[in-house]
Amino acid sequence: MPLFTRPQLIPKLMSALCLWMLIMGVAQAGQVGVQQTTFDVAQARPLETVIWYPASSRGSKTVPTEILGDNPVFKGIPVLNDAPIAAGQHPVALLSHGYRGNWRNLNWLAGRLAARGWIVAAVNHPGTTTFNTQPSQAAQWWARPQDISHLLDHLMQQFAGHIDPDQISAIGHSLGGWTVLQLAGAQFDRAHFLNDCQAIHQANPCGLGAELGLTTAQPQAPESHDLHDARIKRVVSLDLGMARSFSPESLSQIHTPVLILAAGIDINELPQTMESGYLAEHITSRYQQYRVIPGATHFSFVQVCKPGAKARLNQEIPGDGIICLDGDDVDRKALHDQMFRDIFQFLETPASAQ
């Protein structure tokens, strides 16, 4: 019997077609609203926050378009500042930046998700952000995942009635990937980390251990290293670092679906086989998807660089031009297109099908 004579199949086919169109970028993307704020949490830890969201088509007509996150090095995205949010409930994505990065790093991803109906929020993690490298805060390794949980608390209040509680995800790049994995149930194990650094020395992760408070006990650290947040239903790790500080046992107990995207080109002493690959080795296959992006480096996951940005960065701080380095003959925007397809498909797939 032809498909068009089976009316019960039409809703399923239309749903699949709409998802395919969204993934491929065929569907018309809506306008993106933005709010910026700072809110305080326990122990005087103010969190600078940016929230991207689908703007209401009716109430946004008089709001001028601005370019968010643009500077002499990186390209920004068009947004409507403080525009009203679109009606209805929306899925949520919480973003965590890498070591000494900031919310701008995943601005490109936030804009694409918000244009397709998502509320997206990111914080600058005190101590490990571009704008705050205070050692005492950097050593509070547990505070990073707690920042994301506090951010979700804030969103649930600020956007009450607009959040779909069954569609909350967390996405992190580099140290941000390490951060969001803890929200899925991964647990830091100091003894395992120190033993691993002796057996298989990775200069970058092991060298950062002391700065991040991983090598010695921290007096303010919580007694339990279980920072799992059950409200978060999916997690995406973008070429994470510090993975080998997690106990294999805790990774094997993760039941939250995890998408692991890794750079195909190893730079900066973060080999994907020993970082993202470590997650894939220990998280049960039922709950994880592992993909390597050919032509991508560790920094291909951040904003698109402007022409001349590499030379400008090297002039300011020799070696920083690596931030604009991608594989030979590879365009970062094209890499972002591929990453977004993978991420969006993972986030939009029903949990029962993952």
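The values are calculated or read from the model by the stated rules, or taken from the named source; none is laboratory data. Values in this document were obtained by computation on a predicted structure and should not be read as measured data. Please note: Cβ atoms are built from the backbone with ideal geometry, for glycine as well, and neighbour counts cover all protein chains shown.
Data overview
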item	result
Residue in the range 56-74 that is under 30 Å from Gly321 (Cβ atoms), in contact with a Cys (Cβ under 8 Å, 6 or more places away or on another chain), of a type outside the set (Ser, Thr, Tyr) and touching a residue at least 12 places away in the same chain (Cβ under 8 Å) present	yes
Residue within the range 38-50 that is within 15 Å of Ala114 (Cα to Cα), in a loop (DSSP other than H, G, I, E, B), of a type in the set (A, V, I, L, M, F, W, C) and at pLDDT below 85 present	no
Criterion: modelled with pLDDT under 95 and within 30 Å of Arg341 (Cβ to Cβ) - qualifying residue of Gly241, Gly277, Gly264, Gly207	Gly241
Some residue of the range 179-191 being within 21 Å of Ala110 (Cβ to Cβ) and among the small types (Gly, Ala, Ser)	yes
Leu80 vs. criteria at pLDDT 70 or above, more than 21 Å from Lys333 (Cα to Cα) and in contact with an Asp or Glu (Cβ under 8 Å, 6 or more places away or on another chain)	yes
Selection within the range 130-163 - exposed (fewer than 14 other Cβ atoms within 10 Å of the Cβ) and touching a residue at least 60 places away in the same chain (Cβ under 8 Å)	Phe131, Pro135, Gly161
Lys333 more than 12 Å from Ser237 (Cβ to Cβ), touching a helix residue (DSSP H, G or I) at 6+ places or on another chain (Cβ under 7 Å) and basic (Lys, Arg)	no
Number of positions in the range 280-304 that are surrounded by fewer than 24 Cβ atoms within 10 Å (Cβ to Cβ) and of a type in the set (A, V, I, L, M)	4
Residues located in the range 211-235, provided they are of a type in the set (Gly, Ala, Ser) and touching a residue at least 60 places away in the same chain (Cβ under 8 Å)	Gly213, Ala221
Failed item in (1) without any contact (Cβ under 8 Å) to a residue 40 or more places away in the chain; (2) more than 22 Å from Leu227 (Cβ to Cβ); (3) buried (at least 16 other Cβ atoms within 10 Å of the Cβ), with Glu316 passing the rest	(3)
Qualifying residue in the range 20-33 (condition: assigned to a loop (DSSP other than H, G, I, E, B), polar (S, T, N, Q) and modelled with pLDDT of 50 or more)	yes
Inter-residue pairs, beta-carbon under 7 Å, first over 16 Å from His336 (Cβ atoms) and touching a residue at least 12 places away in the same chain (Cβ under 8 Å) and in the range 90-110, second buried (at least 24 other Cβ atoms within 10 Å of the Cβ) and among the basic types (Lys, Arg), 6+ apart	Ser96/Arg144
Enumerated helices (runs of 4 or more DSSP H) restricted to the range 103-173, each holding at least 2 residues that are within 20 Å of His228 (Cα to Cα)	143-158
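Yes/no per residue for (1) β-branched (Val, Ile, Thr); (2) within 24 Å of Arg190 (Cα to Cα); (3) within 16 Å of the chain's Cα centre (by Cα):
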site	(1), (2), (3)
His255	no, yes, no
Ile260	yes, yes, yes
Ala263	no, no, yes
Thr273	yes, yes, no
Tyr287	no, no, no
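So that you can scan it fast, the table gives a plain yes or no per residue for (1) among the hydroxyl-bearing types (Ser, Thr, Tyr); (2) assigned to a helix (DSSP H, G or I); (3) modelled with pLDDT of 95 or more:
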| position | (1), (2), (3) |
| --- | --- |
| Glu269 | no, no, no |
| Thr273 | yes, no, no |
| Glu281 | no, yes, yes |
| Phe299 | no, yes, yes |
| Asn314 | no, yes, yes |
| Phe346 | no, yes, yes |
